[in-house]
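Asker: I'd like to ask you about the structure that follows.
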């Protein structure tokens, strides 16, 4: 089946609810139906309610049960449009813009839908960085008076790592951390990088552990060299992240910052494969459990 990228492709593949439903069934059960209760592989299809009833335990399930779309009352076509817009929009999409484009009645509903889809964009942590890497940290948040740099207060610290493939950049990872301690940086790097790769960082003492597990190249900052010159690739990622956040969102609660980082990285790591980004996000949506409004606001 042809991947979805252009608006024309999307309209041709998903003109109605039926095509969306069949596509979800294929993605949810690629090897055939499996009962979520007893693992049986056969079911009756109740067409009027669009439910699958297990032939053994009689358990009824829908194609959206247990997925990101669980208990959402929107038509599947509306949900597919939301996934398509979020996946293919280079600058992302705010809840207010999603509300307007899809004619969703309330801002709260659009906000919840956006966060549900965004939760499916979190890294699977199955693909650590494998080539030369630059790492650094940055503070994310609005302008506040007081100390700048690693001792800043009232902002959220984000660890960053990006592959440096010659003149280009490969994949990247971003993650919020409580502080730039050795333990926090060890946890971030060990989960996202392959042992033994070459890592370039600044001379911050918390990176001292790197030489035990990686090829560590600490760069000492001089009076004539800026951070952007000594670690150019990772600072391009950080600058693009901050530009994206400022340009798309008016309010950025720190408790949800990791969700925004996941969205940015999901698109960044697939920027060379945009023709399959919609399909990949749909696959993630059917294998990710649904969030509730209480989960997000509690």
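Asker: Taking R0 as 41 Å, what's the FRET efficiency between residue 49 and residue 209 from their Cβ-Cβ distance, rounded to 0.05? If you can, show how the numbers build up before the last one.
Answerer: Values: r = 57 Å, r/R0 = 1.38.
The value I calculate is 0.15.
Asker: Per DSSP H run of n ≥ 4, the term is -39500 (n - 2.57); total these for the chain, divide by its residue number, and report the mean residue ellipticity at 222 nm rounded to 500 deg cm²/dmol. Please report the intermediate quantities before stating the final value.
Answerer: On the way: 11 runs with 112 residues, N = 298.
Estimated from H runs of four or more residues: -11000 deg cm²/dmol.
Asker: Under the Kirkwood approximation applied to all pairs of distinct alpha-carbon atoms, what is the hydrodynamic radius of the chain in Å?
Answerer: On the way: mean 1/r = 0.0469 Å⁻¹.
In the chain this quantity evaluates to 21.3 Å.
Asker: Moving on to the next point. Can you order the peptides 38-51, 61-74 by their average number of other Cβ atoms within 10 Å per residue, highest first?
Answerer: Values: 38-51: 12.4, 61-74: 17.7.
Peptide ranking by packing, descending: 61-74, 38-51.
Asker: Oh, and also: Say a paramagnetic label sat at a point 7 Å from the Cα of residue 37, along Cα to Cβ; which residues of region 52-87 have their backbone N under 20 Å from it?
Answerer: Correct set: 52-67, 70-71.
Asker: Hey, another quick one. Under a 10 Å cutoff between Cα atoms, tell me which one of 123, 201, 89 has the largest fluctuation in the Gaussian network model of the chain.
Answerer: 89
Asker: A further question on this structure: Just the projected area, averaged over all directions, of the convex hull on the alpha carbon atoms of region 46-194: how many nm²? Walk me through the numbers before you get to the answer.
Answerer: Details: hull surface 57.1 nm².
Averaged projected area of region 46-194's Cα convex hull equals 14.3 nm².
Every read-out reported here was derived from the displayed coordinates using simple, explicitly stated rules and does not represent laboratory data. Computed from a predicted structure; not experimentally measured. Cβ sites come from the backbone with ideal geometry, for glycine too, and all protein chains shown count toward neighbours.
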